[in-house]
Amino acid sequence: MFSLLGRKTDMVREAEALKGRPEPIATAETHHIFGRPLKAPVPEGMEEIVFGMGCFWGVERLFWKLPGVWMTAAGYAGGFTPNPTYEEICTGRTGHAEVVRVVYDPAEIPLERLLRTFWEGHDPTQGMRQGNDRGTQYRSVIFTQTEAQTATAEASLAAYQDRLRAAGHRAITTEIRAAPPFFHAEAYHQQYLAKNPGGYCGLGGTGVACPGGEDT
């Protein structure tokens, strides 16, 4: 048991990662809440970003509720295995995190507001876990599409780190980098908590408020 846990909380080496498959796995056709095609192109003027902060069921619900968010999707990113399945992710041998792709209108909701939801919605100091969920798939990540997004995310991390330290918390372990390939998760994972309101959500924040992105 402890040997398996150790492997799942250590990032797999690329040479040892599962091979995956060349074709995408099946997923939902439409978003359960928005009614739009799940893989619709990003509309002109909108932006996308990818967040990982624990089990993606609860993460996706946090973001689809925000005004100005146009699309959310549960998926996998940050590892080595192409087009992985959930079962493969759970072995710790793909290197991917459970993530949520968020498409938003910056004219309606600034990135700082999304980042505040991200930081306050989980504990970003826990490394390869989130609460009782342990493994590389549960690590904290922000995958950006532009240099401007990266700069904003890094500034937000620095500001929140100051708040966390003042409250006695450890260093943030969140990874911020340019977005790697995003692979949609299976259909049953998409908008899971909208279809199963009593379903599991293991998210829990630190209780420390994040500066910036305040509601007006």
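Of the strands (runs of 3 or more DSSP E) that lie entirely inside region 4-107, those containing 2 or more residues that are open to solvent by 10 Å² or more (accessible area, probe 1.4 Å) and touching a Phe, Trp or Tyr at 6+ places or on another chain (Cβ under 8 Å) span 47-53, 69-77. Applying the criterion of being assigned to a loop (DSSP other than H, G, I, E, B) and within 17 Å of the chain's Cα centre (by Cα) to the residues of region 188-205, the residue that is surrounded by the most Cβ atoms within 10 Å (Cβ to Cβ) is Gln190. Taking region 157-187 as the range and being touching a helix residue (DSSP H, G or I) at 6+ places or on another chain (Cβ under 6 Å) and part of a helix (DSSP H, G or I) as the test, only Tyr160 passes. Residue-level analysis places Leu114 outside the set of residues that are of a type in the set (A, V, I, L, M, F, W, C) and surrounded by fewer than 24 Cβ atoms within 10 Å (Cβ to Cβ). In the set (1) under 18 Å from Thr174 (Cα atoms); (2) crowded, with 20+ Cβ neighbours inside 10 Å, Asp133 fails one condition alone, (2).
For (1) on the phi > 0 side of the Ramachandran plot; (2) touching a residue at least 40 places away in the same chain (Cβ under 8 Å); (3) within 16 Å of the chain's Cα centre (by Cα), each residue gets a yes or a no:
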site: Gln149; (1), (2), (3): no, yes, yes
site: Thr152; (1), (2), (3): no, yes, no
site: Tyr160; (1), (2), (3): no, yes, no
site: Arg163; (1), (2), (3): no, yes, no
site: Gly168; (1), (2), (3): yes, no, no
site: Ile172; (1), (2), (3): no, yes, yes
site: Pro180; (1), (2), (3): no, yes, yes
site: Glu186; (1), (2), (3): no, yes, yes
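In this structure, Gln137 does satisfy being in contact with a Lys or Arg (Cβ under 9 Å, 6 or more places away or on another chain) and assigned to a helix (DSSP H, G or I).
Scanning region 88-124 for residues that are within 15 Å of the chain's Cα centre (by Cα) and among the β-branched types (Val, Ile, Thr), we see that the one that is farthest from Lys65 (Cα to Cα) is Ile89.
The values are calculated or read from the model by the stated rules, or taken from the named source; none is laboratory data. Quick caveat, the model's predicted, so the values are computed rather than measured. All Cβ positions, even for glycine, are placed from backbone atoms using ideal geometry, and neighbour counts span all protein chains on display. What goes into the accessible areas is simple: the full protein's heavy atoms, side chains included, and nothing from ligands, DNA or RNA. Shrake-Rupley method; radii C 1.70, N 1.55, O 1.52, S 1.80 Å.
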